[in-house]
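J.: What follows is a structure written as structure tokens; I'll ask about it next.
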Amino acid sequence: MEFRDLRGKVVLTAFSVFFCCMTLGCSSKTAEEKGKEMASEKIDLVKGVGAALEEKGGAAAESVTSGLGSIVSGVKKGVAKSDKRVVNDASLAAAGFQVTAVQETPPGTELESRGIDAYLVAERKVAGLLKVTVYDVLDKEIGRTKIPFALDAEQGKYFRIPLEQQIEFGKIEKLSFVFQAS
């Protein structure tokens, strides 16, 4: 081996040791002391996060809760909007009443009285026949019936509309209501 090659290796080794000492931060501290220092720094960081949560955590929790409330409310409205469509003929408004909601008769109801319950709201006293036509998702008629009813002024009331046994409530998409004076 030549002297030049040896001298180059010594210089390279010395430079490498110097570089390692500079980058690794050679110090007189022991590994235990360095570990305590790093742990202390991390603990201070956690304390800072805790203090920030104390200060702003209530507002953040309130914001999250409010957001969840909006989601729940939106889901409820979506379910209500996706339910059965009610179509009130102009004859109802002319008579002074309207159908505002429909629902399936409660489970366990006798088969003879099975059907839908329609909520009618009257502005003035009205009596007559309510013609109900039931449609499926393809807008095809799947049922038809008439029921007598009477309401006093400013009254709201549910009326049972019987359906044939073959009509499944889940297949009903739209209900059309027409008033006929008696």
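J.: Considering only residues that are surrounded by fewer than 14 Cβ atoms within 10 Å (Cβ to Cβ) and at pLDDT below 90, look in the range 151-170 and name the one that is nearest to the chain's Cα centre (by Cα).
T.: Taking the candidates together, the pick is GLY170.
J.: Moving on to the next point. Which residues, taken from the range 150-171, are under 13 Å from ASP117 (Cα atoms) and of a type in the set (A, V, I, L, M, F, W, C)? Even if it seems obvious, please write down each step before you answer.
T.: Restricting attention to the range 150-171, the residues satisfying the condition of being under 13 Å from ASP117 (Cα atoms) are 156-163, 169.
Across the range 150-171, the qualifying residues are PHE159, ILE161, LEU163, PHE169.
J.: Any residue at all in the range 105-126 that's basic (Lys, Arg), closer than 13 Å to PRO162 by Cα and at pLDDT 95 or above?
T.: Quick first cut of the range 105-126, residues basic (Lys, Arg) only: 114, 124-125.
Checking which are closer than 13 Å to PRO162 by Cα leaves us with 114.
Retained after the next criterion (residues that are at pLDDT 95 or above): none.
Within the range 105-126, not a single residue is basic (Lys, Arg), closer than 13 Å to PRO162 by Cα and at pLDDT 95 or above.
J.: Inspect the range 81-89 for any residue being modelled with pLDDT of 75 or more and aliphatic (A, V, I, L, M) and give the result as yes or no.
T.: As a first pass, look at the range 81-89 and keep what is modelled with pLDDT of 75 or more: 84-89.
Then drop every residue that is not aliphatic (A, V, I, L, M), which leaves 86-87.
Within the range 81-89, one or more residues are modelled with pLDDT of 75 or more and aliphatic (A, V, I, L, M).
J.: Against the condition surrounded by 16 or more Cβ atoms within 10 Å (Cβ to Cβ) and at pLDDT below 95, how does GLU173 come out, does it pass?
T.: Working: surrounded by 16 or more Cβ atoms within 10 Å (Cβ to Cβ): yes; at pLDDT below 95: yes.
Judged against the criteria, GLU173 is a match.
The values are calculated or read from the model by the stated rules, or taken from the named source; none is laboratory data. Keep in mind the model is a prediction, meaning the values are calculated, not measured. Please note: Cβ atoms are built from the backbone with ideal geometry, for glycine as well, and neighbour counts cover all protein chains shown.
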